[in-house]
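The values are calculated or read from the model by the stated rules, or taken from the named source; none is laboratory data. Here the structure is a predicted model, which means the values were calculated and not measured. Note that we place each Cβ from the backbone using ideal geometry, even for glycine, and neighbour counts take in every protein chain shown.
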């Protein structure tokens with residue numbers, strides 16, 4: 001109508017000042033404490049357990065992690081877990097017996113090619 005959005009410089013300033021009021025600071029602290037309450041977290045986890053995530057949530061998480069890399073520490077732990085279980089890291093290509101035999105006679109780079 002007037003070309004003014006719902007949030008302006010003035011409303012932002014009012015919200016900022018409003019949240020510094022003692023009652024607002026106290027309410028925020030109570031809310032944060034409640035969010036970390038172990039009993040509450042247990043109930044939420046129990047309600048979610050066994051239910052698959054919605055497709056749009058899976059896609060959003062995938063998009064958010066796209067391009068991110070694991071830390072060296074995380075990679076080390078994953079590698080150790082795979083070794084303990086005897087599983088292969090995803091993407092590992094197992095050599096055939098024939099390729100393994102070639103490795104004994106030819107340089108590794110040539111066999112890999």
Kindly indicate whether any position in the stretch 49-66 is more than 18 Å from the chain's Cα centre (by Cα), farther than 27 Å from residue 31 by Cα and either assigned to a loop (DSSP other than H, G, I, E, B) or at pLDDT 95 or above (or both). yes
Does residue 39 count as surrounded by fewer than 10 Cβ atoms within 10 Å (Cβ to Cβ) and in a helix (DSSP H, G or I)? yes
Residue 77 being in a helix (DSSP H, G or I) and either exposed (fewer than 10 other Cβ atoms within 10 Å of the Cβ) or in contact (Cβ under 8 Å) with a residue 60 or more places away in the chain (or both): no
Do any residues in the stretch 30-48 that are under 29 Å from residue 19 (Cβ atoms) have Cβ atoms under 7 Å from those of residues that are exposed (fewer than 10 other Cβ atoms within 10 Å of the Cβ) and at pLDDT below 95, where the two are at least six apart or on different chains, and which pairs are they? 40/34
So, in the stretch 1-14, of the ones that are surrounded by 10 or more Cβ atoms within 10 Å (Cβ to Cβ) and in a helix (DSSP H, G or I), which residue ends up nearest to the chain's Cα centre (by Cα)? 12
